[in-house]
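These notes concern the structure reproduced below.
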Amino acid sequence: LKRLVVVGVGAGDPEQLTLQAIAALQEVDVVFVVEKGATAADFRRSREAICRRHITNRPYRFVEIEDARRDRDAPSYEASVRTWHDERALRYASAIQHELHDGECGAFLAWGDPAFYDSTLRVLDAVEASMGGALDYRVVPGVSSISALAAAHRIALNQVGRPVLLTTGRLFAEHGFPEAVDDVVVMLDDRAAFTTVVDPGVDIYWGANVGMPDEVLVAGPVCTVADEIVRRRAEVRRARGWVFDVYLLRRSVSTGRSPLRPT
Ligand SMILES: C[S@@+](CC[C@H](N)C(=O)[O-])C[C@H]1O[C@@H](n2cnc3c(N)ncnc32)[C@H](O)[C@@H]1O
């Protein structure tokens with residue numbers, strides 16, 4: 001039997017690693033790395049630093065898995081993602097079969113928490129099914145960028161007794177606030193979807209590279225601060241070569257008052 005653990009390692013601040021994550025890392029023989037895009041070099045460095053700092057009790061090795069490419073020109077987004085995940089599953093399965101020996105434990109270090117917009121678990125489900133019981137994997141949760149954002153702004157994401165929607169920039173730009181939802185957390189937004197909001201009663205709590213040395217936070221009525229956010233976002237991207245941002249859009253329902261607006 002081969003064992004695997006998917007460890008949420010926090011969203012950029014190495015101090016976000018939990019005690020459970022550290023204990024899991026200390027059982028690891030192989031760390032699988034799949035890096036891609038503009039973040040690849042920085043993510044690689046941060047994962048290596050985590051392993052150097054916490055896997056001090058045993059030898060371990062890194063195994064690179066070359067990531068599959070998603071066809072961004074495909075007519076159907078969902079179909080192209082499915083094909084991409086299938087290709088990934090084949091590559092992960094091959095690496096696990098060839099590089100992880102029976103009795104060993106492998107790890108995937110997931111950015112933030114693997115439960116949010118991370119395909120690792122979906123891909124590993126397919127790998128597990130293809131390996132017919134020869135793989136046992138578990139998940140250690142991590143501090144998501146969503147929690148890091150809420151903490152940085154000192155806010156709860158829900159209003160009293162109300163729902164919160166978690167979505168992407170693409171979907172928010174298409175659909176806006178759904179019926180009966182006044183709090184929306186947006187991730188994966190490369191199009192500044194918040195600039196589509198015209199309701200002057202909506203506030204934004206925004207963060208770029210939250211928890212990292214170049215963190216930027218902005219909060220205020222979205223119609224007032226949108227331009228500033230677009231500018232600050234571009235500055236972070238220019239300086240580091242990439243930017244991750246996440247934000248909450250909130251229509252205040254209970255009192256109609258917002259802590260961001262003087263009464
Ligand atoms: C592929 S998703 C991974 C999310 C991750 N699993 C999590 O729990 O945060 C990448 C998106 O997460 C958000 N993100 C991740 N880390 C961030 C950070 N440190 N600051 C702001 N946003 C972040 C951004 O919206 C980014 O586009």
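The values are calculated or read from the model by the stated rules, or taken from the named source; none is laboratory data. Please read all numbers here as calculations on a predicted model, not as lab measurements. As a convention, Cβ positions derive from the backbone with ideal geometry for all residues, glycine included, and neighbour counts pool all protein chains shown. When the accessible area is computed, the model is the full protein with side chains, heavy atoms only, and any ligands, DNA or RNA have been set aside. Shrake-Rupley method; radii C 1.70, N 1.55, O 1.52, S 1.80 Å.
Of note:
- Residues being open to solvent by 60 Å² or more (accessible area, probe 1.4 Å) and in a helix (DSSP H, G or I) - total across segment 206-237: 9
- For Ala79, the requirement of being modelled with pLDDT under 95, surrounded by fewer than 14 Cβ atoms within 10 Å (Cβ to Cβ) and either more than 16 Å from the ligand (Cβ to nearest atom) or more than 20 Å from Met212 (Cβ to Cβ) (or both) is met.
- For the condition of a type in the set (D, E, K, R), within 27 Å of Thr18 (Cα to Cα) and touching a Lys or Arg at 6+ places or on another chain (Cβ under 8 Å), Glu66 does not qualify.
- Filter pass, Ala89 being out of contact with any strand residue (DSSP E or B) (no Cβ under 8 Å at 6 or more places or on another chain), open to solvent by less than 20 Å² (accessible area, probe 1.4 Å) and under 20 Å from Arg61 (Cβ atoms): no
- Residue in segment 109-124 that is surrounded by fewer than 20 Cβ atoms within 10 Å (Cβ to Cβ), away from the ligand (no atom under 13 Å from the Cβ) and in a helix (DSSP H, G or I) present: no
- Within segment 20-51, the set of residues being over 29 Å from Gly103 (Cβ atoms) and either of a type in the set (D, E, K, R) or without any contact (Cβ under 8 Å) to a residue 24 or more places away in the chain (or both) comprises Lys36, Ala40, Ala41, Asp42, Arg45.
- Close Cβ contacts (under 8 Å, 6 or more residues apart or on different chains) running from residues in segment 6-19 that are near the ligand (Cβ under 8 Å from one of its atoms) and hydrophobic (A, V, I, L, M, F, W, C) to residues that are assigned to a strand (DSSP E or B) and modelled with pLDDT of 95 or more comprise Ala11/Gly112.
- Some residue of segment 154-167 being part of a loop (DSSP other than H, G, I, E, B), within 12 Å of the ligand (Cβ to nearest atom), touching a residue at least 24 places away in the same chain (Cβ under 8 Å) and open to solvent by less than 30 Å² (accessible area, probe 1.4 Å): no
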